[in-house]
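See structure below.
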Amino acid sequence: MEDLILPDTLRPYLRKPLGELFTEEGAMERIKKRVRDSKVITVGDVVSSEAEKIGIKPKLKIIDFRTKRKNIDSHEPSGRVIRAKNPPAHITKELWDAVREAVNSDDEVTIIVEGEEDLAVLPAVIEADWGDYVIYGQPEQGVVLVSCSDDSKLHVGIIIKMIMDRKELKI
């Protein structure tokens, strides 16, 4: 796989949630009730930290020690740590391989991204098992819960194909 670069034409589309958007106070508590004992992947420093604070134990956390393009003092990584480079608006082969390795591992894993982790939600949904959940923050909107299913994998697969083809997504 070659590195993927998000075309400008797809940026507005990816500002739309890929799953169910939770906007209200206590959103993470509602998400916790939904995911129960399922395997969870969190993408983003704030979401990962908030999930752990309320007792969600992510199998995989993908963080970059930044939120809204600003450095933050994030929580300590837990489990095995994998580092991956990923510039903004990219999904590098290195990041995708790290996600695949982490999902297939029996260990709890934290991927620390040098660059930007925002688009890591796409390989996370593709690589996750059916029935797993991906949780990520939707800037200025709330928290998104993606149930990994045939539908979500197909949806993300179409986005990946459009990125690969560098074409405009028409819906």
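Just so it is clear, none of the values below were taken in a lab; they were calculated from the coordinates. Given the structure is predicted, the values throughout are model-derived calculations rather than measurements. Heads up, the Cβs are rebuilt from the backbone with ideal geometry, glycines too, and the neighbour counts pull from every protein chain shown.
Rounded to the nearest 5, the antiparallel percentage of DSSP beta bridges internal to the chain is 40%.
Please arrange THR9, THR110, THR23 by counting, for each residue, the other beta carbons lying within 10 Å of its beta carbon, fewest first. Final ranking by Cβ density, sparse to dense: THR23, THR9, THR110. With θ taken as phi - 60° and the Karplus curve 6.51 cos²θ - 1.76 cosθ + 1.60 applied, the whole-hertz 3J(HN,Hα) list for the range 33-50 is 5, 6, 7, 6, 9, 5, 6, 10, 10, 10, 10, x, 5, 5, 4, 4, 5, 5 Hz, x standing for glycine and proline.
Using the Cβ-Cβ distance between ASP8 and GLU116 with R0 = 22 Å, the FRET efficiency computed as 1/(1 + (r/R0)^6) comes to roughly 0.90.
Report which label in [x] 26.7, 84; [y] 14.8, 41; [z] 14.7, 47 holds the value of Rg and Dmax of the Cα atoms in Å derived from the coordinates of this structure. So the structure-derived entry is [y]. Between LYS161 and ARG83, full extension at 0.36 nm per residue minus the direct alpha carbon distance yields a gain of 25.5 nm.
For the pair ILE54 and LYS93 in one chain, pulling the backbone fully straight at 0.36 nm per residue adds 10.8 nm over the alpha carbon distance. Stretching the chain fully between SER105 and LEU21 yields a gain of 27.4 nm (0.36 nm per residue, less the alpha carbon separation).
Modelled spin labels at ARG30 and ASP129, positioned 7 Å past Cα toward Cβ, are 2.8 nm from each other.
Only Lys, Arg, Asp and Glu carry charge here, each on its Cβ (+1 for the first two, -1 for the last two); on that basis the range 28-165 has a dipole of about 300 debye about its Cα centre.
Among MET1, MET28, the ranking by other beta carbons within 10 Å of each residue's beta carbon, starting with the fewest, stands as MET1, MET28. For the range 4-39, applying the loop criterion from DSSP together with a ceiling of 12 other beta carbons within 10 Å to the GluC sites (Glu not before Pro) yields GLU24, GLU25.
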